[in-house]
């Protein structure tokens, strides 16, 4: 039950404040294309418009065995959330600097779900600080591996 699509830029570019699981309205050809792992969500974002949540810039490749009723690759897609969840996300996302970004698409009970997060944009120095911290941790692990006696 692994991820279908992941957004590696989300955790790098945003400080994740809160996550929520949402359903997504998809057509049959979109689901079939996702089963093959054909799509990307690295530039995707969500908005709340007129009381409904919508996902933009999700690219799901056209299904290779589709016909004239195949889907458009970059159309906006509706997210399925309770009204209270939508209101909560709208209030969090309306704060300056916050945005709604999808972290991943995954299977749950044979349905495609979206892990949606409220993220606050990181400044450039925060990204550098995270990179520096990860590099330091890697060096410590290498040193520990090197100094460990062979069994």
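Quick rundown of the values:
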| read-out | value |
| --- | --- |
| Unmet requirement for residue 101, which otherwise passes all of (1) in a strand (DSSP E or B); (2) farther than 14 Å from residue 15 by Cα | (2) |
| Residues (outside any helix (DSSP H, G or I) and loosely packed, with under 13 Cβ neighbours inside 10 Å) located in the range 1-16 | 1, 2 |
| Those residues of the range 8-25 which are modelled with pLDDT of 85 or more and closer than 26 Å to residue 71 by Cα, in sequence order | 21, 22, 23, 24, 25 |
| Test: residue in the range 53-75 that is in a loop (DSSP other than H, G, I, E, B), closer than 14 Å to residue 7 by Cα, without any contact (Cβ under 8 Å) to a residue 24 or more places away in the chain and out of contact with any strand residue (DSSP E or B) (no Cβ under 6 Å at 6 or more places or on another chain) | yes |
| From 143, 150, residue being modelled with pLDDT under 85 and more than 18 Å from residue 17 (Cα to Cα) | 150 |
| Flag for residue 91 being out of contact with any strand residue (DSSP E or B) (no Cβ under 7 Å at 6 or more places or on another chain), closer than 24 Å to residue 8 by Cα, modelled with pLDDT of 80 or more and not in a strand (DSSP E or B) | no |
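The values are calculated or read from the model by the stated rules, or taken from the named source; none is laboratory data. Note that this is a predicted model, so its numbers are computed, not measured. Note that each Cβ is placed from the backbone with ideal geometry, even for glycine, and that neighbours are counted across all protein chains shown.
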